[in-house]
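Since the structure comes first, as structure tokens, the remarks are kept for the end.
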Amino acid sequence: MSETYTAPLTFSKVKAGKGLEAALELDRAGVINEITASGLKGRGGAGFPTGVKWNLAAAAKDPVKYVVCNADEGEPGTFKDRVILTDHADLVFEGMTICAYAIGAKKGILYLRGEYTYLQDHIEGILRKRREAKLLGKNAGGKKGFEFNIEVRMGSGAYICGEETALIESLEGQRGEPRNRPPFPVNTGFLGHPTVPNNVETFAWAATIMSKGSEWFKKIGTDKSAGLKIFSVSGDCKQPGVYEFPLGITIKELLKAVGGLDAKAVQVGGASGSCVPAREFNRKIAFEDVATGGSIIVFGPQRDMLKVAENFMEFFHDESCGQCTPCREGNGKILEGIHMLQQGKCSMHYLRELCALGETMQLASKCGLGQTSPNAFLSIVKNFPDEIMGRAGAAQE
Amino acid sequence: MTDKNIKLKEESRAPVSSSVQKFAAPQNEKAIGATITVTIDDKQIKVPMGTTILEAAKKLNIHIPTLCYHEDLCVAGVCRICAVEVEGQRTLQASCAYPITAPITVRTHTRKVRQARRHILDLLLSKHYGECYACARNNNCELQALAKEYGVDFFRFGHPDKPRFEVDRSSYSVVRDMDKCILCRRCVRTCIDLQEVGVLEVAGRSEASKVETFVDKPLGEVVCINCGQCINRCPTGALRANDPADEVWAAIDDPAKHVVIQTAPSPRAGIGECFGLEPGQPLTFQMNTALRLCGFDKVFDTNFSADLTIIEEGTELLIRLYKALVQKDKSVALPQFTSCSPGWVKFLEHFYPEYIPNLSSAKSPQQMFGAVIKTYYAKLMKIDPKDIVTVALMPCSAKKFECNRPEMCDSGFKDIDYGLTTRELAQMISEAGINLPAMEKSDFDDPFGTATGSGVIFGATGGVMEAALRTVIELVTGKKVENFFDHADIIPVRGMEGIRYAEIPIKEVGPVPDLVKHVVKDWKWLKGATLKVAVAHGTANAKRVMENIKAGGKLSECHFIEFMACPGGCIGGGGQPIPTSPAIRAARARAIYAEDTAYEVRKSHENPAIERIYNEFLKEGPCSHLAHKLLHTHYTPRGKYIV
């Protein structure tokens, strides 16, 4: 199986098919109620309540609807979806089937990250088995009149296609670029039809919740962030790998579990997340505090934080789709600024300009990429000013 | 009798440029919940559900800056300059792309908004290479105007001192200077969504993204139809027409050269806009004076050759109909398509080459005039045609390509030497220190001086069809067209609907007039027939018509179809003043129809100059041997690979 260290996951203990069975016994509204009651929020990072999303799609008046599984896992430091798809793809498809039943979709698409092409055969194999077991197709799961099929489509390596509307554009054969929102995919999604795009993990949890009940899930975590979450932990710690923790866990607790207590900072939420310094390690990982799609990157005491910022900005500078001005041009300017800082050639004044630019990018960019790409840089400037200023040959203002 | 607004299936639509989504507004504006109240900068207004913030603000007279937004195009929401703050939203919203579906409160110039707009300008300027005073769009540039509006007084994020791209001058018509491109993608949306040609697309990501042709080929080597609609919608000087003004000045300055200019109808309806006039104020006769002041030896009216086109093309149609209906000749291609729009001609050559036999072999008025000037006129004036320089003032960028077609040398010389756009002539006039609107009026020069209203309306969509019908109806019935249509206004073919269809029943026929006696003996075969015609403007509509014909639909039964490559017809051509919008084009069209009404002679066949040329020069009549040699042409089936 996967070479990545993986802590025991709840998914291993879920009996295959039980969730779908339970769902098909309910009516559509009943399924949505159950998911809503669990408090499950999108596990891709944005944290939109899953039940609400399904309900909106279910309410949309259109005979054609789609379920899309976003497996374009491209956030730096995120690899938990790869592990889930390797070990628990069946559960993911079960979640998609439950969603299809709830919203009235006949077709599902799993959009698989280009770099995960090696997983395609494995995933197709599982789909084949599900079809053979009549869990897909006409009268899926033995439910009369319920028809659902899933198809795997490959991405081609663009980070932006993990953004749900860019993903849909890509599925339609267009250049992968985010759409204007509103309208949202739940109303106007794939080919203009109502579409529910959810993360791999979200579908797996949905199936788990239908199997174990919303009460069980709701009891775990905090009020606003229910349930368990799968984390991809990497960086300067003793045991990087995939972990499962309840939401609401503090960064310190998490670091203890992975052997990274000497960290000076932790990047929570991948490149587009925020960089939390050691003094704030008591903060909770939860939607109401430090939100994350599951990526935790640990920075040990020896890490050069400016180098960290450079690394992230290089990534965004490369991956911006180039559509909107703030993101297309802004990432490059910030990266340039980091190079200036490295050479000690960035004045305090210009650094302030760049931070203001970062704010503009957060506010005025078209999609989540540009709105979050300056986060790492801004939090490093804020939390490690002494480390990044006054480099060799510093030109002080 | 007429079915004006024909709706065709949308299935033939090309892939959209990106994320063209429209909020489905309720059909009935009076239904409950069909309207909603929005508060913008403390002012309230009730708007239909789905109205964008930008549209609502316009209604309130609140100005929100825009760059990627264009009235003619689908929404992109990419430049972000129109960002506004919507209460309760964490991020700023692009007002052009935000449909109002809840009673929101909007603020258009908060600190965050001002900062964002300034940053966006600073970022665009950090990539915008070039100096304003050395730019075709100086003082008519939306980026420059915004820099002023937002008080840009330094380059916060730098300014390039070196070009990154080579200027693409490979096209006869359109020059691309990507160093001035701000990636608003209006040209892409124009080419893909508005015109459905699809030459331009965005390639590459992030800072490296740029507007490209297929595999970045030069524009002259791709399937561009030269319509220049992208130029009209470019906010900066990244796209401009290939300007021959230097060569024209050189010809004027050369005493050995006899420089004549013909002016098409549309420029006169638009040129005032270049001199600060409101759209729709024609300066026909002031322009004649200005042109003489500039140094042109003769100023002719393209309307003369438009009338000539009507006679030739109309005769061609009658011949085709005769062959098809009387001689039952199955090889005759019908419907006959007009050929005066060079953008449309190239569109057909590329995308529907199998329909080339349907194209009228008649040259466009511009090219007919060139051939006539360098033969008939040269002889009349006893000037060696090699010393004549023919300049054509056109609303069109594709005319530059047309006059450079290798086959357009039937006079033994290049029939038309230079195609000048309305914008370029305005520039020459201002260079000569002439205040055009203040000029006294003067007439066109003889021997082509007298024009008709039919020639004028060539400028608006439906005009060629109307002109042709006026002549054909009179030739066939022997009665005044006014007997059938009030004031000879053939309203069914007028308008701005994308595709229009009309049926003209021929209930009575008269004697065959002398002009076409060599073609048909009598009209009996036309009695009781119904002439079916259609009009389409914009190549997206042309495509719809072609697909309908291909599928054997209603329009395949037509006898004659007018096609114009540009939305609105020539008045919306790629050489016309910038900006353009549906309202501006409508105003120009009104000016053209007003001019038509003012003419004493309004039918091509009644033009005395036309009668004269057929008596003195083209003695064997329309579509005769000499007419064919000089006034007709052939086409190239280009397909998608031969350019």
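The table below lists the values:
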{"read-out": "Top-ranked residue of the stretch B:51-60 - restricted to ones that are farther than 19 Å from B:Leu146 by Cβ and aliphatic (A, V, I, L, M), ranked as nearest to the other protein chains (Cβ to nearest Cβ)", "value": "B:Ala56"}
{"read-out": "Selection within the stretch A:22-50 - among the acidic types (Asp, Glu), part of a helix (DSSP H, G or I) and surrounded by fewer than 16 Cβ atoms within 10 Å (Cβ to Cβ)", "value": "A:Glu25"}
{"read-out": "Selected residue [crowded, with 21+ Cβ neighbours inside 10 Å and in a helix (DSSP H, G or I)] from B:Phe285, B:Phe304, B:Phe300", "value": "B:Phe304"}
{"read-out": "Hits in the stretch B:590-617 (condition: in contact with a Phe, Trp or Tyr (Cβ under 8 Å, 6 or more places away or on another chain), crowded, with 18+ Cβ neighbours inside 10 Å and not in a helix (DSSP H, G or I))", "value": "B:Asn607"}
{"read-out": "The lone exception for A:Leu306 - which of (1) touching a residue at least 24 places away in the same chain (Cβ under 8 Å); (2) at the interface with chain B (Cβ under 10 Å from one of its Cβ atoms) it fails", "value": "(2)"}
{"read-out": "Those residues of the stretch B:61-86 which are without any contact (Cβ under 8 Å) to a residue 60 or more places away in the chain and either away from every other protein chain (no Cβ under 14 Å) or aromatic (Phe, Trp, Tyr) (or both), in sequence order", "value": "B:Asn61, B:Ile62, B:His63, B:Tyr69"}
{"read-out": "Qualifying residue in the stretch B:435-455 (condition: in a strand (DSSP E or B), among the small types (Gly, Ala, Ser) and in contact (Cβ under 8 Å) with a residue 60 or more places away in the chain)", "value": "no"}
{"read-out": "Subset tally (residues that are modelled with pLDDT of 95 or more and closer than 16 Å to B:Gly449 by Cα) for the stretch B:269-284", "value": "0"}
{"read-out": "B:Met394 vs. criteria at pLDDT 95 or above, surrounded by fewer than 24 Cβ atoms within 10 Å (Cβ to Cβ) and closer than 18 Å to B:Ser305 by Cα", "value": "no"}
{"read-out": "Of residues in the stretch A:191-209 being surrounded by fewer than 24 Cβ atoms within 10 Å (Cβ to Cβ) and in contact (Cβ under 8 Å) with a residue 12 or more places away in the chain, the one nearest to A:Ala59 (Cα to Cα)", "value": "A:His193"}
{"read-out": "Count of residues meeting criterion [out of contact with any helix residue (DSSP H, G or I) (no Cβ under 7 Å at 6 or more places or on another chain) and within 17 Å of B:Val175 (Cα to Cα)] in the stretch B:234-264", "value": "3"}
{"read-out": "Test: A:Ile168 is of a type in the set (A, V, I, L, M) and closer than 30 Å to B:Gln89 by Cα", "value": "yes"}
{"read-out": "Selection within the stretch B:456-488 - outside any helix (DSSP H, G or I), surrounded by fewer than 23 Cβ atoms within 10 Å (Cβ to Cβ) and touching a residue at least 24 places away in the same chain (Cβ under 8 Å)", "value": "B:Gly478, B:Lys479"}
{"read-out": "Count of the stretch B:112-122 residues which are facing chain A (nearest Cβ under 10 Å) and either assigned to a loop (DSSP other than H, G, I, E, B) or not hydrophobic (A, V, I, L, M, F, W, C) (or both)", "value": "6"}
{"read-out": "The listed residue being modelled with pLDDT of 95 or more and closer than 24 Å to B:Thr315 by Cα, out of B:Ile561, B:Ile584, B:Ile578", "value": "B:Ile561"}
{"read-out": "Selection within the stretch B:237-247 - over 17 Å from B:Glu166 (Cα atoms) and within 23 Å of the chain's Cα centre (by Cα)", "value": "B:Asp243, B:Pro244, B:Ala245"}
{"read-out": "Helices (runs of 4 or more DSSP H) contained entirely in the stretch A:308-395, each with at least 1 residues that are buried (at least 24 other Cβ atoms within 10 Å of the Cβ) and not polar (S, T, N, Q)", "value": "A:325-342, A:348-364, A:368-372, A:375-383"}
{"read-out": "Single condition B:Val299 does not satisfy, out of (1) in contact with a strand residue (DSSP E or B) (Cβ under 8 Å, 6 or more places away or on another chain); (2) of a type in the set (Val, Ile, Thr); (3) at pLDDT below 95", "value": "(3)"}
{"read-out": "Counted residues, the stretch B:126-148 - those being surrounded by fewer than 22 Cβ atoms within 10 Å (Cβ to Cβ), more than 10 Å from every other protein chain (Cβ to nearest Cβ) and in contact with a His (Cβ under 9 Å, 6 or more places away or on another chain)", "value": "1"}
{"read-out": "So A:Gly241, is it at positive phi and of a type in the set (Gly, Ala, Ser)", "value": "yes"}
{"read-out": "Any hit, the stretch B:141-150, residues being touching a residue at least 12 places away in the same chain (Cβ under 8 Å), within 21 Å of B:Lys210 (Cβ to Cβ), in a loop (DSSP other than H, G, I, E, B) and in contact with a Gly (Cβ under 8 Å, 6 or more places away or on another chain)", "value": "yes"}
{"read-out": "Selection from the stretch A:52-75 of residues that are surrounded by fewer than 20 Cβ atoms within 10 Å (Cβ to Cβ) and either part of a loop (DSSP other than H, G, I, E, B) or in contact (Cβ under 8 Å) with a residue 24 or more places away in the chain (or both)", "value": "A:Leu56, A:Ala60, A:Lys61, A:Asp62, A:Pro63, A:Val64"}
{"read-out": "Failed item, numbered, when B:Leu317 is tested on (1) closer than 23 Å to B:Gly220 by Cα; (2) out of contact with any Pro (no Cβ under 6 Å at 6 or more places or on another chain)", "value": "(1)"}
{"read-out": "Test: residue in the stretch B:199-215 that is within 13 Å of another protein chain (Cβ to nearest Cβ), on the phi > 0 side of the Ramachandran plot and surrounded by fewer than 21 Cβ atoms within 10 Å (Cβ to Cβ)", "value": "yes"}
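Per-residue answers, yes or no, for (1) in contact with a strand residue (DSSP E or B) (Cβ under 9 Å, 6 or more places away or on another chain); (2) modelled with pLDDT under 95; (3) closer than 18 Å to B:Ala116 by Cα; (4) assigned by TED's automatic domain parsing to the domain that holds A:Gly157:
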{"residue": "A:Cys324", "(1), (2), (3), (4)": "yes, no, yes, no"}
{"residue": "A:Glu329", "(1), (2), (3), (4)": "no, no, yes, no"}
{"residue": "A:Leu335", "(1), (2), (3), (4)": "no, no, no, no"}
{"residue": "A:Cys355", "(1), (2), (3), (4)": "no, no, yes, no"}
{"residue": "A:Gly370", "(1), (2), (3), (4)": "no, no, yes, no"}
{"residue": "A:Asn383", "(1), (2), (3), (4)": "yes, yes, no, no"}
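Residues checked against (1) over 24 Å from A:Glu329 (Cα atoms); (2) part of a helix (DSSP H, G or I):
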position: B:Cys187; (1), (2): no, yes
position: B:Cys191; (1), (2): yes, yes
position: B:Asn226; (1), (2): yes, no
position: B:Cys230; (1), (2): no, yes
position: B:Arg240; (1), (2): yes, no
position: B:Asp243; (1), (2): yes, no
position: B:Asp246; (1), (2): yes, yes
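A quick yes/no check of all residues on (1) closer than 27 Å to B:Pro567 by Cα; (2) more than 19 Å from the chain's Cα centre (by Cα):
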| residue | (1), (2) |
| --- | --- |
| B:Ala371 | no, yes |
| B:Tyr377 | no, yes |
| B:Cys409 | no, yes |
| B:Thr422 | yes, no |
| B:Gln427 | yes, yes |
| B:Phe448 | no, yes |
| B:Ala451 | yes, yes |
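The values are calculated or read from the model by the stated rules, or taken from the named source; none is laboratory data. Keep in mind it's a predicted model, so treat the numbers as computed, not measured. Here the Cβ is made from the backbone with ideal geometry for all residues, glycine too, and neighbour counts use every protein chain on show.
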